[in-house]
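Asks: Would you mind keeping the following structure in view while I ask a few things?
The values are calculated or read from the model by the stated rules, or taken from the named source; none is laboratory data. In this text the structure is predicted, and so the values were computed from the model without any measurement. Every residue, glycine among them, receives a Cβ derived from its backbone with ideal geometry; neighbour counts consider all protein chains shown. For the accessible areas, the whole protein counts, side chains as well, though only heavy atoms, and no ligand, DNA or RNA atoms are used. Shrake-Rupley method; radii C 1.70, N 1.55, O 1.52, S 1.80 Å.
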Amino acid sequence: MAKKPTALPVASAAEIDVARAAARNTDSGPAGPAPAAAGKGDAPAQKAIDTQALAAGMPANVNKPLEHGESNAASTPAGVTVAPPSHLPGVSTLSEVNRSDKTGGPAAEAMNATIGTLDRVRVDSTGQVLTTNQGVHIADNQNSLKAGARGPALLEDFILREKITHFDHERIPERIVHARGSGAHGFFEAYEPLTQYTKAAPFKEAGKVTPVFVRFSTVAGERGSKDTARDVRGFAVKFYTDEGNWDLVGNNMPVFFIQDAMKFPDLVHAVKPEPHHQMPQAASAHDTFWDFVSLMPESTHMLMWQMSDRAIPRSYRMMQGFGVHTFRLVNEAGESFLVKFHWQPKLGTHSLVWEEAVKISGADPDFHRRDLWEAIEAGEYPEWELGLQIFTEEQAEQFSFDILDATKIVPEELVPVQIVGRMVLNRNPDNFFAETEQVAFCTAHIVPGLDFTNDPLLAGRIHSYVDTQISRLGGPNFHELPINAPIAQVHNNQRDGMHRQAIHRGRVAYEPNSLAGGCPFQAGAAQGFASIARRLDAKESADKVRIKPEKFADHYTQARLFFQSQTEVEQAHIGNAFRFELSKVTVPAIRERVVASLLNAVPELAQRLAQDLGMQLPAPMPKALETPAAPEVEQSPALSLMARPGDGGIRTRKVAVLVANGVEGASLQKLVSALVAAGAVPRLVGARLGTCTGAGGEKFAVDATMENSPGFLFDALVLPDGVPAVEALDADAHTLEFLRDQYWHCKTILALGASDALLAEARIPLTMPDGSADPGLILADAADAADAAGADDAIESFIAAMGQHRHFGRENDPPKV
């Protein structure tokens, strides 16, 4: 016969009262648990009862033995949790049920309500009254409070004081590097699952879409500097994945100047304006930069990229991006693969020419920022494809170079680039400061499925980026700024600090705990981020050393690879850039060191520079490694900008159409319609704004002038037909300057009918220097321009020639009249 369960003793009224009274104290408590009856109808007592039950449910930390021994390192368990009997143990205060328009009600359980879309912080003041920051309506925003109309301003004017004080503190410290930047929102879409390589959230399934924010930047210049400086461009992408934020913080060049983060402050100090006179701004053409790099031969490869046309891109939309370092992919099985990241622009890779970049910097220092903004506003959303070079440690060990060396690439001939997804930027920021300026990228921000390698430059960046955001954004809570907040829920025990926004519920801010049922608990290796156990071996020893691996000492092989992979035009531009930069150096010995170092990489380039700079050819600089390993690849066509011309289209290209009274209207109208249909942006440019009257009485709105929009700001030029218009344009000196800039910058020019007189006046050659036809100079005589078929042919040829971007066959060094 079964025994009857032992009945619990019935608590007396006195015991219930004592338990309820004890539950109302915060500094002591009874020796045993309160009777269950005490909680009926009494919230404090019920909270005490449920808290006791929750804590009793975790008599020990059962995971503690698993924290020891290398055999347990790869199998970290999830944290132990206990479900609470009710919501009461987790509340901060029982008074949370008392709602107000400010406090709201109780917190949503298991939710960080600060996480959400940016809609939660957007402000639209349409139809609203002007207020102070405290919400007080402002009656007069024109005058300060004074003692009489001509009396002194009064200290009690809190409206004036608040307004001025806030204004005085509107600026925050700019970034030490990458201060000048522009950004946009968009998305990344995976083409196919990459689960065989990685469990990273963006790559888990085909078609998966991840929100992104991208910031492009120059490196050396200050926040107000020019966009078109010769410089590296930052290419930083923040992926808001459903498993946390991943920041891929790269550049438009795949290598860097240095191999170890120890030298980063030295590099930046050298390239920044010289401290005694704070010049030059946003430029590397000065003594301290070249002094530094001439003594750091590992910079040679990066200098080739820096002196190439990649340092003066036509647009952010027309440049590649690279992760620079070698990272790791990690799959669900814990298998690790090495990876390099590449962004490939849909529009192809295109650049400015140097003289053009210099002129643009004066006419429109916001050239790249404006280009990005206008394209997105027009619905011409920039797009890149993401490519991965994936390889194993065994492959890496066989390479002639070290994949931990940030001054080296992995040639595509060794490891092809696999295209795995696309990124589209389709929304401009609502507020530049709140989004583009306050966004904080950190190389330390990665998600499960990714990991670091032992790259010593990357190691320093992992620390530095977080550290600088704390200084720049005022404390450790910069992750709570809306642009930086993830879309994944955030739950941890980090508390307080400057500008804290989250209001944490409950009294527990530590782990392990029992008072919150063990929450928030560690996810364990199966669900959370876990570093890969084995990284590239240090083969010589495991001793503490300050030294570089031997392969790091090969400073010149890949510099030669890059130069030899360029077209003749690009090689000439590299030489021109070295010549310009070194001509700005005031100390001959520095120039001599640079040329001596280049002799080890590209002797013909060094010889040309010595001649161009009027100096004797020095002896080659001693090498750190006299006999480096033979390279696997000596020429890689993928390293040329010309390898990625795009689709040959002219979408978003800006075309200047010069106009004046008497212009032949029919051909002009047909031309503009054809350009718009092809996606180009034609602008009617005249001597003054206003209306231009065509020969047939047509009216054309002039929306730009040769004064406010010089020729170098456009991708192509149309010279109109109509004798009166041509004569008017010929009388304006701006016209010839406009035309010459277009020609010498190798852009496409269409001359209709009578406008061939302008070509003659500007002394524009009708053929290339070698006597061949100029494919970028389209001529339509008066008969062709007037004839429908002839005009169509000329327009078609013009659009096709524009799709070639530049016609470098015109170039001479120096330019010839």
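Asks: Can you work out which of the residues in the stretch 244-261 that are open to solvent by 10 Å² or more (accessible area, probe 1.4 Å) and out of contact with any Lys or Arg (no Cβ under 9 Å at 6 or more places or on another chain) is modelled with the lowest pLDDT?
Replies: The qualifying residue modelled with the lowest pLDDT is Gly244.
Asks: Identify the residue in the stretch 106-143 that is open to solvent by less than 70 Å² (accessible area, probe 1.4 Å), of a type in the set (S, T, N, Q) and touching a residue at least 24 places away in the same chain (Cβ under 8 Å) and, among all such residues, is farthest from Pro84 (Cα to Cα).
Replies: Looking at residues that are open to solvent by less than 70 Å² (accessible area, probe 1.4 Å), of a type in the set (S, T, N, Q) and touching a residue at least 24 places away in the same chain (Cβ under 8 Å), I get Thr132.
Asks: Take the residues of the stretch 455-493 that are over 18 Å from the mean Cα position of the chain (by Cα) and closer than 30 Å to Phe401 by Cα: which is modelled with the lowest pLDDT?
Replies: For the stretch 455-493, the residue satisfying everything is His463.
Asks: Looking at (1) of a type outside the set (Val, Ile, Thr); (2) open to solvent by less than 10 Å² (accessible area, probe 1.4 Å); (3) in a helix (DSSP H, G or I), which one does Trp384 not meet, given that it meets all the others?
Replies: All conditions pass for Trp384, except number (3).
Asks: While we're here: Which condition number in (1) over 30 Å from Pro637 (Cα atoms); (2) surrounded by fewer than 15 Cβ atoms within 10 Å (Cβ to Cβ); (3) within 34 Å of the chain's Cα centre (by Cα) is the one that Ala509 fails?
Replies: Just one mismatch for Ala509, condition (3).
Asks: Mind listing whichever residues of the stretch 470-506 are free of Cβ contacts under 8 Å to residues at least 40 places away in the same chain, open to solvent by less than 60 Å² (accessible area, probe 1.4 Å) and of a type in the set (S, T, N, Q)?
Replies: Once the filter is applied, which keeps residues that are free of Cβ contacts under 8 Å to residues at least 40 places away in the same chain, open to solvent by less than 60 Å² (accessible area, probe 1.4 Å) and of a type in the set (S, T, N, Q), the stretch 470-506 yields Asn477, Asn492, Asn493.
Asks: To continue, here is another question. Scan (1) closer than 22 Å to Val466 by Cβ; (2) touching a helix residue (DSSP H, G or I) at 6+ places or on another chain (Cβ under 8 Å); (3) of a type outside the set (D, E, K, R) for the single condition Thr228 breaks and write down its number.
Replies: (1)
Asks: Filter the stretch 314-336 down to the residues that are in a strand (DSSP E or B) and open to solvent by 10 Å² or more (accessible area, probe 1.4 Å), then identify the one that is farthest from Leu598 (Cα to Cα).
Replies: It comes out as Val330.
Asks: Residues being within 30 Å of Ser531 (Cβ to Cβ) and not in a helix (DSSP H, G or I): count how many of those fall in the stretch 69-118.
Replies: Within the stretch 69-118, residues that are within 30 Å of Ser531 (Cβ to Cβ) and not in a helix (DSSP H, G or I) number 16.
Asks: For the stretch 715-736, which positions are outside any loop (DSSP other than H, G, I, E, B), small (Gly, Ala, Ser) and over 21 Å from Pro365 (Cα atoms)?
Replies: Within the stretch 715-736, Ala725, Ala728, Ala733 meet the criteria.
Asks: Could I ask something else about it? Mind listing whichever residues of the stretch 262-280 are open to solvent by less than 30 Å² (accessible area, probe 1.4 Å) and in a helix (DSSP H, G or I)?
Replies: Applying the first criterion (open to solvent by less than 30 Å² (accessible area, probe 1.4 Å)) to the stretch 262-280 yields 267-268, 270-271, 273-274.
Across the stretch 262-280, the qualifying residues are Leu267, Val268, Ala270, Val271.
Asks: While we're here: Within the stretch 617-640, identify whether any single residue is open to solvent by less than 50 Å² (accessible area, probe 1.4 Å) and under 29 Å from Glu737 (Cβ atoms), and answer yes or no.
Replies: No, every residue in the stretch 617-640 fails to be open to solvent by less than 50 Å² (accessible area, probe 1.4 Å) and under 29 Å from Glu737 (Cβ atoms).
Asks: Report yes if some residue within the stretch 585-596 is open to solvent by 50 Å² or more (accessible area, probe 1.4 Å) and within 30 Å of Ala789 (Cβ to Cβ); otherwise report no.
Replies: No, the stretch 585-596 has no match at all.
Asks: Pull out all pairs, ordered by first then second residue, where Cβ-Cβ is under 6 Å, the residues are six or more apart or on different chains, the first lies in the stretch 36-50 and is under 14 Å from Glu15 (Cα atoms), and the second is among the polar types (S, T, N, Q).
Replies: As it stands, the answer is Gly39/Gln46, since those pairs meet every condition given.
Asks: Let me confirm something: among Leu386, Leu347, Leu404, which residue is over 19 Å from the mean Cα position of the chain (by Cα) and of a type outside the set (Phe, Trp, Tyr)?
Replies: Result: Leu404 is the single residue among Leu386, Leu347, Leu404 that is over 19 Å from the mean Cα position of the chain (by Cα) and of a type outside the set (Phe, Trp, Tyr).
Asks: Tell me which of these Ser797 doesn't satisfy, since it passes every other one: (1) open to solvent by less than 70 Å² (accessible area, probe 1.4 Å); (2) under 23 Å from Asn812 (Cα atoms); (3) touching a residue at least 12 places away in the same chain (Cβ under 8 Å).
Replies: (2)
Asks: Quick check, is Ala559 modelled with pLDDT of 95 or more, within 16 Å of Met307 (Cβ to Cβ), among the small types (Gly, Ala, Ser) and part of a loop (DSSP other than H, G, I, E, B)?
Replies: Answer is no for this residue.
Asks: Condition (residue is open to solvent by 30 Å² or more (accessible area, probe 1.4 Å), of a type in the set (Asp, Glu) and assigned to a helix (DSSP H, G or I)) applied to the stretch 288-299: is it met by at least one residue?
Replies: Taking every residue of the stretch 288-299 in turn, at least one turns out to be open to solvent by 30 Å² or more (accessible area, probe 1.4 Å), of a type in the set (Asp, Glu) and assigned to a helix (DSSP H, G or I).
Asks: Can you find a residue that is touching a His at 6+ places or on another chain (Cβ under 6 Å), in contact (Cβ under 8 Å) with a residue 40 or more places away in the chain, within 20 Å of Leu759 (Cα to Cα) and open to solvent by less than 60 Å² (accessible area, probe 1.4 Å) anywhere in the stretch 703-711?
Replies: As a first pass, look at the stretch 703-711 and keep what is touching a His at 6+ places or on another chain (Cβ under 6 Å): 706.
Filter once more, so that each one left must be in contact (Cβ under 8 Å) with a residue 40 or more places away in the chain: 706.
Adding the requirement that they be within 20 Å of Leu759 (Cα to Cα) leaves 706.
Adding the requirement that they be open to solvent by less than 60 Å² (accessible area, probe 1.4 Å) leaves 706.
There is at least one residue in the stretch 703-711 that is touching a His at 6+ places or on another chain (Cβ under 6 Å), in contact (Cβ under 8 Å) with a residue 40 or more places away in the chain, within 20 Å of Leu759 (Cα to Cα) and open to solvent by less than 60 Å² (accessible area, probe 1.4 Å).
Asks: Return the pair list, or none, for Cβ contacts closer than 6 Å from residues in the stretch 550-570 that are touching a residue at least 40 places away in the same chain (Cβ under 8 Å) to residues that are surrounded by 23 or more Cβ atoms within 10 Å (Cβ to Cβ) and charged (D, E, K, R), at least 6 apart or on different chains.
Replies: Hits for this filter: Phe552/Asp405; His555/Glu298; Gln558/Lys408.
Asks: Among the numbered conditions (1) assigned to a helix (DSSP H, G or I); (2) in contact with a Pro (Cβ under 6 Å, 6 or more places away or on another chain), tell me where Ala48 comes up short.
Replies: Only one criterion in (1) assigned to a helix (DSSP H, G or I); (2) in contact with a Pro (Cβ under 6 Å, 6 or more places away or on another chain) is unmet by Ala48, namely (2).
Asks: Further, regarding this structure: Limited to the stretch 194-239, what total is found for residues that are closer than 19 Å to Ile487 by Cα, open to solvent by less than 20 Å² (accessible area, probe 1.4 Å) and of a type outside the set (A, V, I, L, M)?
Replies: 7
Asks: Answer yes if at least one residue in the stretch 402-422 is buried (at least 21 other Cβ atoms within 10 Å of the Cβ), over 23 Å from Val633 (Cβ atoms) and of a type in the set (Gly, Ala, Ser), and no otherwise.
Replies: There is at least one residue in the stretch 402-422 that is buried (at least 21 other Cβ atoms within 10 Å of the Cβ), over 23 Å from Val633 (Cβ atoms) and of a type in the set (Gly, Ala, Ser).
Asks: Next up: Given the condition open to solvent by 10 Å² or more (accessible area, probe 1.4 Å) and touching a Leu at 6+ places or on another chain (Cβ under 7 Å), answer yes or no: does some residue in the stretch 738-747 qualify?
Replies: Taking every residue of the stretch 738-747 in turn, none turns out to be open to solvent by 10 Å² or more (accessible area, probe 1.4 Å) and touching a Leu at 6+ places or on another chain (Cβ under 7 Å).
Asks: Checking Val18 against (1) open to solvent by less than 40 Å² (accessible area, probe 1.4 Å); (2) part of a helix (DSSP H, G or I); (3) β-branched (Val, Ile, Thr), which single condition isn't satisfied?
Replies: (1)
Asks: Checking the conditions here, which among Glu437, Glu394, Glu385 is acidic (Asp, Glu) and over 30 Å from Arg560 (Cα atoms)?
Replies: Glu437
Asks: Suppose we filter Lys64, Lys47, Lys40 for residues that are among the basic types (Lys, Arg) and open to solvent by less than 70 Å² (accessible area, probe 1.4 Å); which single one remains?
Replies: Lys47
Asks: Identify all residues within the stretch 686-702 that are free of Cβ contacts under 8 Å to residues at least 40 places away in the same chain and of a type outside the set (Gly, Ala, Ser); write none if there are none.
Replies: Arg688, Leu689, Thr691, Cys692, Thr693, Glu698, Lys699
Asks: Residues to consider are Ala311, Ala283; find the one that is among the small types (Gly, Ala, Ser) and either open to solvent by 20 Å² or more (accessible area, probe 1.4 Å) or at pLDDT below 95 (or both).
Replies: Ala283
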